[in-house]
1. I'm checking my understanding of the structure. Among residues of the stretch 165-177 that are within 16 Å of ligand 2 (Cβ to nearest atom) and surrounded by fewer than 22 Cβ atoms within 10 Å (Cβ to Cβ), which one is nearest to residue 148 (Cα to Cα)?
2. Any chance the stretch 132-151 includes a residue that's over 26 Å from residue 15 (Cβ atoms), in contact with a strand residue (DSSP E or B) (Cβ under 8 Å, 6 or more places away or on another chain), without any contact (Cβ under 8 Å) to a residue 60 or more places away in the chain and within 16 Å of ligand 1 (Cβ to nearest atom)?
3. From the list 186, 116, 156, which residue is closer than 25 Å to residue 35 by Cβ, surrounded by 17 or more Cβ atoms within 10 Å (Cβ to Cβ) and touching a residue at least 40 places away in the same chain (Cβ under 8 Å)?
4. Which one is farthest from residue 14 (Cα to Cα), of the residues in the stretch 186-206 that are within 16 Å of ligand 1 (Cβ to nearest atom) and in contact with a strand residue (DSSP E or B) (Cβ under 8 Å, 6 or more places away or on another chain)?
5. Going by what's in this entry, would residue 150 be described as surrounded by fewer than 21 Cβ atoms within 10 Å (Cβ to Cβ), within 16 Å of ligand 2 (Cβ to nearest atom) and modelled with pLDDT of 95 or more?
6. Going through the stretch 152-173 one residue at a time, which ones are over 16 Å from residue 126 (Cα atoms), over 10 Å from the mean Cα position of the chain (by Cα) and more than 16 Å from ligand 1 (Cβ to nearest atom)?
7. Residues that are away from ligand 1 (no atom under 11 Å from the Cβ), at pLDDT below 95 and surrounded by fewer than 16 Cβ atoms within 10 Å (Cβ to Cβ): which strands (runs of 3 or more DSSP E) entirely in the stretch 1-81 hold 2 or more of them?
8. How many residues does the stretch 97-113 contain that are in contact (Cβ under 8 Å) with a residue 12 or more places away in the chain, surrounded by fewer than 19 Cβ atoms within 10 Å (Cβ to Cβ) and under 16 Å from the mean Cα position of the chain (by Cα)?
Ligand SMILES: Nc1ncnc2c1ncn2[C@@H]1O[C@H](COP(=O)(O)OP(=O)(O)OP(=O)(O)O)[C@@H](O)[C@H]1O
Ligand SMILES: [Mg+2]
């Protein structure tokens, strides 16, 4: 947070980004997309459209072949490993394939995100219990994640992503294995995090969670944006920290 750009309204900026997997799978093609701090953005599109690849580019799990990827004002292509690690502490990711530690308890899996930011053990416990309560998993605190159903594992993945109160939350198919009622719990939690200031990007097939949304919906097809506005509409922004900047809105 030491340059003007770091404090800019825009937290995610992709400029003409392309990613091709060997030999010729064009996963992301010439995508430009900006996200304001405090937005919720839905990234939609059919299987293979490039949603996960975009999330991976934002966390530098993958690097683009072309174009610029900026997160919190930092060009990921130029960040040292150390600085990237520091930035990652402020990005919560709920992966499509969960990536939970199977032999550790639910609480231990969730604590990881907070331990890296040196959160007090008592705060970790309180926050973990609160999040599990919100997700209907209060009774699974001590359960090894290997013993959970897929829908339960999915919720733990989301709990871990939000627990450290990151500025940016990336969720990949957060409701893929959930029934309607549990989907509502997850969406309510994400909305709660958003109201506290987090920016949230949700990659999803699940039309039920964005059909009636007031937030931006971007549709990808074969790696390209084919629907939705790739620049933020400031009027939809929930951004209490920077509301004084709205006079400079560029729309
Ligand atoms: N590591 C990889 N190596 C090679 N090809 C990959 C890799 N990851 C993704 N792809 C390919 O890139 C394209 C985009 O994949 P991606 O996972 O981003 O799609 P998606 O929109 O997330 O799909 P889904 O809805 O099924 O999760 C697909 O054709 C996929 O097969
Ligand atoms: Mg995917």
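1. Within the stretch 165-177, the match that is nearest to residue 148 (Cα to Cα) is 177.
2. Looking through the stretch 132-151, none of the residues is over 26 Å from residue 15 (Cβ atoms), in contact with a strand residue (DSSP E or B) (Cβ under 8 Å, 6 or more places away or on another chain), without any contact (Cβ under 8 Å) to a residue 60 or more places away in the chain and within 16 Å of ligand 1 (Cβ to nearest atom).
3. Unique residue meeting the criteria: 186.
4. 205
5. Criteria met by residue 150.
6. Those that are over 16 Å from residue 126 (Cα atoms), over 10 Å from the mean Cα position of the chain (by Cα) and more than 16 Å from ligand 1 (Cβ to nearest atom): 152, 153, 155.
7. none
8. Residues flagged as in contact (Cβ under 8 Å) with a residue 12 or more places away in the chain, surrounded by fewer than 19 Cβ atoms within 10 Å (Cβ to Cβ) and under 16 Å from the mean Cα position of the chain (by Cα) within the stretch 97-113 amount to 1.
The values are calculated or read from the model by the stated rules, or taken from the named source; none is laboratory data. Since we're looking at a predicted model, the values are computed, not measured. FYI the Cβ positions are ideal-geometry reconstructions off the backbone, even for glycines, and counts take in every protein chain you see.
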